[in-house]
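The values are calculated or read from the model by the stated rules, or taken from the named source; none is laboratory data. Computed from a predicted structure; not experimentally measured. Here the Cβ is made from the backbone with ideal geometry for all residues, glycine too, and neighbour counts use every protein chain on show. These accessible areas exclude ligands, DNA and RNA; they are computed on the full protein's heavy atoms, side chains included. Shrake-Rupley method; radii C 1.70, N 1.55, O 1.52, S 1.80 Å.
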Amino acid sequence: MTAFLIYELKVALLITAFYACWRLFLASQTCHKQNRMILILSVIASFILPLCRITIHKTVDITGDMDAAQIVSNNTGNDYHAWMLVLVAIFIIGVVLMIARLSLSLHQLNKLKQPSEIHPMSEGHELAVCETASQPFSWWNTVFLNRKDFEEGTSALLTHELGHIRLHHSMDVVLIELFTALQWFNPAMWMLRRDLRTIHEYEADQQVLSHGFNDIQYLNLLVRMAASQGGYSLVNGISNKSTLKKRITMITKTKSNRLQWWRLAYILPIVAISLYTSCATKVDYRNLDKYAITFEVKDGRECLGVKAPVGAFYTWLESGHLAEHGDVKEERGWNTRSYFDLENHVVKLDGKEITKDNIPYVPVESIKEIKFLQGDKPRVIELYTTYVSGFNRTEKYEWPEKYKNASKRWIFFKVEDIATGQPLSGAEVSVEETGHKAFTNSEGWCEMKIALGTIVKATYPGLSSEAYKVEALFGQDLQGYTFWMNKPGVHIYNSIDVKEQPKYEGDADKWFAEHVQLSSADKQEKLYPVTVCAVINEDGSVSGARIRHGIRKSLNDEAVRLVSVMPKWKPAKEKGQAVKCCTFIRVNFDKISEFYTDSIVGESALENTYTSQEEKVLIGAYVRDAKSKTYLNDADVTITNIDGMKLGKPIIQEVSKNSKMYRYVASVPRASQYIIKVSRKGYQPEQRIVTLKKEEKQKLADEIYLQASNAN
């Protein structure tokens with residue numbers, strides 16, 4: 001009911017505005033038909049416009065587990081103030097009285113007509129001669145005349161009243177009376193009602209004059225009839241004392257120019273303001289925690305937030321090499337939203353790149369797999385609504401008796417064409433002893449559960465098969481082995497399998513420095529080494545260059561270009577014959593004018609470039625800020641033996657361990673103990689003693705924490 005009273009108030013304001021403007025611009029015009037229609041349509045529009053609501057939807061993003069229903073307060077109580085109840089009662093009483101007044105008038109007219117003498121007229125009209133009528137008037141299709149006027153046969157009177165009937169003024173009267181009942185409290189409505197009645201008289205007067213009656217005689221008739229005024233509230237009478245002066249003025253007034261339609265322009269701002277005030281804003285609450293991809297600004301940077309559900313499968317690849325994989329766990333890793341700035345990252349959904357302007361709000365639960373491709377810039381995060389890796393962890397394994405009690409582990413294998421480095425999709429990877437097999441996906445990966453001591457074999461149509469014996473199972477189920485496939489009759493050796501490894505006879509870093517082409521953007525950023533895998537042919541030429549350990553696309557592309565155009569190498573030799581050999585080449589962008597012996601990233605790469613017969617091992621460490629726990633990638637790390645002899649400067653390799661971190665790695669001669677010394681400007685130096693067991697080939701020290709120099 002409160003809403004209805006507010007609606008009635010809006011209607012009253014609109015009627016007042018329309019009527020006031022009409023009085024100002026149009027009331028004095030002689031275009032009576034136009035004025036009549038404008039007044040009626042103004043009232044109708046006043047009742048319709050408040051019902052026209054323009055809803056503007058506004059989306060508000062929320063976080064947390066609360067639903068929109070918990071945020072929007074729904075105040076639908078039935079407690080009205082006492083004064084509101086009084087207003088409602090008064091309004092209803094007023095409407096009832098107005099309807100009763102209308103009904104009474106209709107009853108009086110019907111009662112008046114019953115004893116009258118009825119005379120049919122043309123066009124379905126009729127003339128009622130009524131003894132009690134004080135003056136002529138009309139209602140609907142009936143003209144009422146008293147006996148005297150009927151006998152005198154005053155044709156002007158009859159023409160006037162027939163004009164009311166032909167113009168359907170009674171219909172206007174009923175409509176306005178009903179609207180007045182709903183706006184009985186509005187003075188503007190009563191004034192509009194009065195002026196509409198006056199316009200009816202103007203039109204009827206025009207009907208008389210248009211039939212050739214003398215205007216002076218007609219005016220005298222109006223004055224005479226006004227002296228005997230009386231009658232009913234609904235009817236159209238020929239004379240009314242309150243409007244007589246206006247009618248005389250309007251009859252004698254010069255006709256208005258009908259082209260002054262511009263005066264109607266006042267309607268436009270009233271309608272516009274009404275629609276504007278009726279505008280409603282609907283807030284649609286969207287819980288971002290329920291969507292896989294969101295857009296937010298973090299630390300002044302535009303970021304896409306990515307989240308995957310518990311149970312989804314994820315893989316983390318660094319420059320094409322598997323760094324981490326597994327199922328998304330509760331409150332770990334991808335199950336909590338991670339944010340990636342749009343400047344350095346690309347987010348894709350089912351292969352389609354996502355921008356801040358075309359974010360599909362996909363429920364977290366619909367994500368089945370997520371991949372993080374690290375190495376190039378921009379880095380790529382891929383989400384899929386279906387499983388695309390093709391891994392077979394759900395497969396049930398039946399083991400031969402010999403291997404039932406053997407150590408087992410899920411291991412990833414990769415199959416590549418050794419000549420080009422391209423991953424081979426659909427290659428078959430099988431275990432000879434157990435018969436288990438899997439096929440590589442589009443990225444050349446597959447995953448199998450492997451028992452210690454078995455032989456894993458890779459085959460691909462048109463290429464020679466390769467086999468690998470599983471002699472050790474490490475603590476993490478990561479990449480087990482990469483199969484490099486050769487074409488039949490064209491064998492490409494691994495550098496560790498040849499008697500004489502390929503060698504560049506010259507200063508490679510100097511050659512790179514003389515031929516490097518870095519963009520201005522690269523020169524402004526910090527540069528890191530990039531490792532390229534390439535094939536050195538029998539004639540020493542370089543082919544099949546591809547990234548093995550990359551940083552960002554621009555550096556990766558430049559490293560591949562440099563290696564591809566290098567002068568000829570001294571080829572590898574096996575049994576005294578030059579052979580094709582795959583090797584690793586490091587392009588030191590950070591200090592490209594200097595020469596380093598520790599030039600290869602990673603364990604397998606280091607093994608491929610050893611020129612010394614002395615056994616080498618890998619020693620590494622993670623360095624973190626003691627307070628913030630963040631990983632430091634610009635610390636000064638050195639490794640010495642127990643006697644303090646400096647063994648080498650570790651290279652920085654970006655790796656992953658549940659999050660982004662940096663590992664310092666060095667290849668050093670085997671010893672029983674090593675000292676890792678770490679320093680950084682603004683921090684207190686630290687060192688750590690690492691003991692290497694006889695059977696170990698690598699050792700990762702515990703994380704080393706640096707305390708700030710000003711820390712208490």
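Taken along its three principal axes, the alpha carbon spread of the range 391-462 comes to 40, 22, 17 Å, from the longest extent down to the shortest.
In square angstrom, rounded to the nearest 10, how much accessible surface does ILE216 have for a 1.4 Å probe? That residue has around 100 Å² of solvent-accessible surface. Estimated at 0.36 nm per residue, the fully extended path between SER28 and HIS515 surpasses their Cα-Cα distance by 166.1 nm. Within the accessible area of the range 455-591, the carbon and sulfur atoms contribute 48%, probe 1.4 Å, all protein chains present. Per residue, the range 410-509 exposes 46 Å² of solvent-accessible protein surface, assessed with a 1.4 angstrom probe and all protein chains in place.
Accessible area per residue (1.4 Å probe, heavy atoms of protein chains only) ranks ARG546, ARG197, ARG561, ARG53 as ARG53, ARG561, ARG197, ARG546, with the largest value leading.
Here the simple spin-label model places points 7 Å from the Cα toward Cβ, and for CYS52 and VAL310 these points are separated by 5.4 nm. Which lysines, on any chain, are close to LYS246 with Cα under 30 Å apart, when same-chain ones fewer than 8 places away are left out? By straight Cα distance, LYS246 reaches LYS33, LYS148, LYS255. From most to least packed by mean Cβ count within 10 Å, the peptides 531-543, 505-517 give 531-543, 505-517. Treating r as the C-beta distance of ASP341 and ILE92 and R0 as 51 Å, the FRET efficiency rounds to 0.20.
Evaluated with a Cβ-only charge set (Lys, Arg +1; Asp, Glu -1), the range 108-182 carries a dipole of roughly 140 debye about its Cα centre, given to the nearest 20. Site pair LYS681 and SER122 shows an inter-label distance of 11.2 nm when each label is modelled 7 Å from Cα along Cα→Cβ.
Backbone phi angles across the range 428-445, fed through the Karplus curve with coefficients 6.51, -1.76 and 1.60 (θ = phi - 60°), yield HN-Hα couplings of 9, 10, 10, 9, 4, 6, 10, x, 5, 8, 8, 10, 6, 8, 5, 9, x, 9 Hz in residue order; Gly and Pro are listed as x. Packing here is the average count of other Cβ atoms within 10 Å per residue, and on that basis the peptides 352-361, 136-145, highest first, run 136-145, 352-361. In this simple spin-label model, placing a label point 7 Å from the Cα along the Cα-to-Cβ direction at both ASP350 and GLU428 gives a separation of 3.3 nm. Panel note: the C-alpha atoms of the range 77-126, placed on their principal axes, show extents of 61, 22, 11 Å (largest first). A 1.4 Å probe over all protein chains sorts ASP205, ASP284 by accessible area into ASP284, ASP205, starting with the largest. Cross-link partners of LYS437 among lysines, defined as those whose alpha carbon lies under 16 angstrom from its own and excluding same-chain residues fewer than eight positions apart: LYS396, LYS408, LYS414, LYS449, LYS457, LYS469. Over all other residues within a Cβ to Cβ distance under 14 Å of SER155, the charged ones net out to -4, with Lys and Arg as +1 and Asp and Glu as -1. Here's the picture: a label point sits 7 Å out from the Cα of ILE455 along the beta-carbon direction, and within the range 411-436 the residues with their amide nitrogen under 15 Å of it are 430-436.
Cα to Cα, under 19 Å, and not fewer than 8 places away if on the same chain: which lysines meet these conditions relative to LYS348? Answer for LYS348, where 19 Å is the Cα cut-off: LYS290, LYS307, LYS356, LYS368, LYS371, LYS377, LYS553, listed by chain and number. When each of the peptides 409-420, 118-129 is scored by how many other beta carbons lie within 10 Å of its residues on average, the order from highest to lowest is 409-420, 118-129. Length gained on full extension, SER442 to ILE496, computed as 0.36 nm times the residue gap minus the Cα-Cα distance: 16.6 nm.
Could you tally the net charge around PRO363, taking each other residue with its Cβ under 11 Å from the Cβ of PRO363, Lys/Arg +1 and Asp/Glu -1?
Around PRO363, the surrounding residues sum to 0.
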